[in-house]
Amino acid sequence: MKVIDAHIHFSNIEIFKETAKKKSNVDYSRIGLNQEFSNSNIIAGIGMGLTETNAGRFPDRESQNPMLLDLDELPKDLYECIGINPYELINNKIFELRNLEQSISSERVVGIKIYAGYYHYHVWDEVYDDVYKLAEKYKLPVVIHSGDTYSEKGLLKYSHPLEIDELAMKYRNVNFIVAHFGDPWIMETAELISKNSNVYADLSGLIVGNKQVVKKFSEEPLFKDHIKRGLIYANNYKKILFGSDWPLVRIETYIEFIKELIPKEHWDDVFYKNALKLFKNIKMD
Ligand SMILES: [Zn+2]
């Protein structure tokens with residue numbers, strides 16, 4: 001089975017390095033990623049651009065736009081969604097918007113990432129308007145962090161998936177991807193993607209940890225039912241994308257977990273085709 005991992009990280013961020021070492025047992029490096037890609041037949045990965053100006057500052061209000069993937073030289077099958085820091089966008093608007101537009105011409109750029117919750121703005125706030133206009137102009141999907149934040153500095157009211165309803169209506173010609181299926185607000189996300197033709201969801205980051213942790217949760221019926229209920233309610237596997245959130249979990253382990261949630265006849269869509277359709281700039285030979 002061919003797989004596109006639609007949500008990973010490849011940035012020099014302290015908390016990712018720490019999680020990889022202490023929780024998920026991942027080799028968070030170019031070599032580690034290449035190894036995982038070849039183990040699981042992953043033909044493309046999409047990295048969420050993110051930077052911090054000093055170790056441990058994430059979510060960093062001083063990072064310049066666009067935030068990119070800065071861990072190491074990029075593997076050839078790794079694409080990126082350019083990350084947006086709204087604070088710096090306000091401070092240096094003209095300069096940073098020009099940088100954003102320039103970065104879009106890179107062959108690697110396939111989308112845009114908004115860090116709702118981490119940055120304290122509503123996703124529909126006018127601070128992001130120029131970014132969504134660029135998304136519309138270049139036909140780039142916008143991935144929006146949603147649900148729990150991986151930092152106490154986040155504010156959940158901004159990362160609640162229902163925030164995206166208003167945005168989806170405001171920009172009907174832009175496709176939005178709700179990251180992490182909005183977990184724990186799975187049913188809200190299921191309704192959001194059912195109601196809005198331009199809203200999708202990825203299944204990344206539902207479990208963070210090593211093989212034992214993934215096993216523990218995948219053997220817990222209440223945990224699995226909580227996610228399955230949303231998938232069954234939405235009843236549209238064309239709108240669901242596989243993503244792992246590597247390095248927070250091993251990709252191979254996470255694929256096995258997601259397979260248990262998705263009926264087999266939809267694996268091809270969820271693990272591969274939907275991402276290829278949505279991220280139009282991914283090139284397949
Ligand atoms: Zn992520």
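Could you please let me know if residue 285 is of a type in the set (D, E, K, R), surrounded by fewer than 16 Cβ atoms within 10 Å (Cβ to Cβ) and either within 16 Å of the ligand (Cβ to nearest atom) or modelled with pLDDT under 95 (or both)?
Values: of a type in the set (D, E, K, R): yes; surrounded by fewer than 16 Cβ atoms within 10 Å (Cβ to Cβ): yes; either within 16 Å of the ligand (Cβ to nearest atom) or modelled with pLDDT under 95 (or both): yes.
Yes, satisfied.
Across the range 1-14, what is the number of residues that are within 11 Å of the ligand (Cβ to nearest atom) and either assigned to a helix (DSSP H, G or I) or without any contact (Cβ under 8 Å) to a residue 12 or more places away in the chain (or both)?
0
Of all residues being over 22 Å from residue 76 (Cα atoms) and touching a strand residue (DSSP E or B) at 6+ places or on another chain (Cβ under 8 Å) in the range 15-30, which is nearest to the ligand (Cβ to nearest atom)? Just the residue, please.
24
Please go through the range 175-196 and give me each residue that is among the β-branched types (Val, Ile, Thr), within 16 Å of the ligand (Cβ to nearest atom) and part of a helix (DSSP H, G or I), ordered by number.
189
Regarding the range 144-161, can at least one residue be identified that is closer than 22 Å to residue 97 by Cα, in a loop (DSSP other than H, G, I, E, B) and either within 15 Å of the chain's Cα centre (by Cα) or of a type in the set (Val, Ile, Thr) (or both)?
Scanning the range 144-161 turns up at least one residue that is closer than 22 Å to residue 97 by Cα, in a loop (DSSP other than H, G, I, E, B) and either within 15 Å of the chain's Cα centre (by Cα) or of a type in the set (Val, Ile, Thr) (or both).
To keep it simple, each residue is scored yes or no on (1) surrounded by 15 or more Cβ atoms within 10 Å (Cβ to Cβ); (2) touching a residue at least 60 places away in the same chain (Cβ under 8 Å); (3) within 16 Å of the ligand (Cβ to nearest atom); (4) in a helix (DSSP H, G or I).
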| site | (1), (2), (3), (4) |
| --- | --- |
| 47 | yes, no, yes, no |
| 51 | yes, no, yes, no |
| 54 | no, no, no, no |
| 57 | yes, no, no, no |
| 60 | yes, no, yes, no |
| 71 | yes, yes, yes, no |
| 79 | yes, yes, yes, no |
| 83 | yes, no, yes, no |
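Any residue that is part of a helix (DSSP H, G or I), under 19 Å from the mean Cα position of the chain (by Cα) and surrounded by 15 or more Cβ atoms within 10 Å (Cβ to Cβ) - is there at least one of those in the range 240-250? Reasoning before the result, please.
Filtering the range 240-250 for residues part of a helix (DSSP H, G or I) gives none.
No, the range 240-250 has no match at all.
Does residue 91 satisfy being farther than 23 Å from residue 199 by Cβ and at pLDDT below 95?
Values: farther than 23 Å from residue 199 by Cβ: yes; at pLDDT below 95: yes.
Yes.
Can you pull out every residue in the range 197-220 that is more than 19 Å from residue 269 (Cα to Cα), more than 16 Å from the ligand (Cβ to nearest atom) and not in a helix (DSSP H, G or I)?
210, 219, 220
If you go through the range 31-45 one residue at a time, how many are among the polar types (S, T, N, Q) and either on the phi > 0 side of the Ramachandran plot or within 15 Å of the ligand (Cβ to nearest atom) (or both)? Outline the logic, then answer.
Keep residues of the range 31-45 that are among the polar types (S, T, N, Q), which gives 34-35, 38-41.
This time we only want the ones that are either on the phi > 0 side of the Ramachandran plot or within 15 Å of the ligand (Cβ to nearest atom) (or both), so: 41.
Residues flagged as among the polar types (S, T, N, Q) and either on the phi > 0 side of the Ramachandran plot or within 15 Å of the ligand (Cβ to nearest atom) (or both) within the range 31-45 amount to 1.
Taking the range 199-238, which residues are under 19 Å from residue 168 (Cβ atoms) and surrounded by fewer than 16 Cβ atoms within 10 Å (Cβ to Cβ)?
233, 235, 236, 238
Check residue 273 against each of (1) away from the ligand (no atom under 16 Å from the Cβ); (2) under 19 Å from the mean Cα position of the chain (by Cα); (3) outside any helix (DSSP H, G or I) and name the one condition it does not meet.
(3)
The values are calculated or read from the model by the stated rules, or taken from the named source; none is laboratory data. Small disclaimer: the values here were computed from a predicted structure and weren't measured. Because the Cβ atoms are built from the backbone with ideal geometry, glycine has one as well, and the counts that use them run over all protein chains shown.
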